[in-house]
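Single-structure report; data block below.
What follows draws every value from the coordinates through simple rules; no lab data is involved. Small disclaimer: the values here were computed from a predicted structure and weren't measured. A quick note on method: Cβ atoms are made from the backbone with ideal geometry, for glycine too, and the neighbour counts reach across all protein chains shown.
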Amino acid sequence: MALLEIIDLTKGFTTPEGAIMSVVNVPNFQLEAGVQTALAGPSGSGKTTFLNLIAGILAPDGGSIRFDGSDLVRMSEAARDRHRAHSFGYIFQTFNLLQGFTCLENVLLGMAFGPGRDRERAEDLLKQMGLGGRLQHYPRQLSTGQQQRVAVARALANRPKLVLADEPTGNLDPANARTALTLIRETCRENGAALLLVSHDPEVLASFGSHHLSLGDLNRAAHAPS
């Protein structure tokens, strides 16, 4: 059984003129446990919407999202929130770090919504990211690349089965982008997490080889490679 299985997933938004614009229309998509897949598409093509539907941040107009045997669409909002905290890690393009909290506190706060705070694991993850000497630093005291590493540590803190990454290298220069991508992929692999990453960067997409597809193909019922 696939870790993630999507069937007839649809989502549209109302334009200022009152028309309905279809953004996501995915007949079928599957992702196996531990598999790393990239999804391509230009800005505004619906990639972020697709990730937010999977994470339960947005509710679909129709269809089903089965994750590890459970249909997320049929869950209550509170149940989806709990499921997201325990099963998903999310790496945002803008990092979404809390500026008034240290690196360590940002990771611990992410843990608070899941199984609970584990200071030893939080410190170990940050050390894996090369931030052992920055545990008590605030985001404003870090470089963009270092902030990205904190965001990766937070996403993996609750040992998720699936990490969703939304343009995770979009705010980084090419050298830091390559380093961050390697870090994300290796850390997911070491933690046994599947990865679904969206990007419009050809270099990022090429690094996934045959394990990447376009949103346009996905909307035509393509399957993620397994």
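Structural remarks
- Karplus-derived 3J(HN,Hα), 6.51/-1.76/1.60, for each residue of segment 54-65, Hz, glycine and proline x: 4, 6, x, 6, 10, 9, x, 7, x, x, 10, 10
- What the phi angles of segment 26-42 give under the Karplus curve with 6.51, -1.76 and 1.60, with θ = phi - 60°, is a coupling list of 10, x, 7, 8, 9, 9, 7, 4, x, 7, 10, 10, 10, 10, 9, x, x Hz, glycine and proline written as x.
- Based on the Kirkwood approach, the hydrodynamic radius assigned to segment 35-103 is 13.9 Å, with every pair of different Cα atoms included.
- Choice from Ala155, Ala193, Ala33 with maximal GNM fluctuation in the chain (Cα, 10 Å cutoff): Ala33
- The Cα-based radius of gyration and maximum Cα-Cα distance (Dmax) for segment 68-181 are 14.4, 44 Å.
- Bridgeable lysines around Lys47 (alpha carbons under 19 Å apart, same-chain partners fewer than 8 residues away excluded): Lys11.
- Helix axis angle, 119-128 relative to the chain longest principal axis, alpha carbon, degrees: 90 degrees
- The fewest-to-most ranking of Phe101, Phe95, Phe50 by surrounding Cβ atoms within 10 Å reads Phe101, Phe95, Phe50.
- Stokes-Einstein translational diffusion, segment 1-129 - Kirkwood Rh over all Cα pairs, 1.567 mPa s, 4 °C, in µm²/s: 78 µm²/s
- Residues whose placed amide H lies under 5 Å from that of His212, excluding near-sequence neighbours: Ala38
- Residue exposure sequence - Ile20, Ile7 - by fewest surrounding Cβ within 10 Å: Ile20, Ile7
- For the chain, built as a Gaussian network whose Cα springs stay under 10 Å, the top-fluctuating residue of His200, His86, His137: His137
- Expressed to the nearest 5 percent, the antiparallel share of DSSP beta bridges inside the chain is 50 percent.
- Under the Karplus curve 6.51 cos²θ - 1.76 cosθ + 1.60, θ = phi - 60°, whole-Hz ³J(HN,Hα) for segment 72-86, x wherever Gly or Pro sits: 5, 5, 7, 6, 5, 4, 5, 5, 5, 4, 5, 4, 4, 5, 8
- Rg and Dmax of the chain, Cα atoms only, in Å: 17.2, 53
- Model label sites at Asn28 and Asp68, defined 7 Å from Cα along the beta-carbon direction, differ in position by 2.6 nm.
- Measuring between their Cα centroids, segment 32-105 and segment 121-166 lie 18 Å from each other.
- Between Glu186 and Arg159, the contour length at 0.36 nm per residue exceeds the alpha carbon distance by 8.3 nm.
- Angle between the chain longest axis and helix 103-112 axis [Cα atoms, degrees, rounded to 10]: 50 degrees
- Choice from Gly44, Gly114, Gly69 with maximal GNM fluctuation in the chain (Cα, 10 Å cutoff): Gly44
- Taking other C-beta atoms within 10 Å as the exposure proxy, Tyr138, Tyr90 rank Tyr138, Tyr90 from fewest upward.
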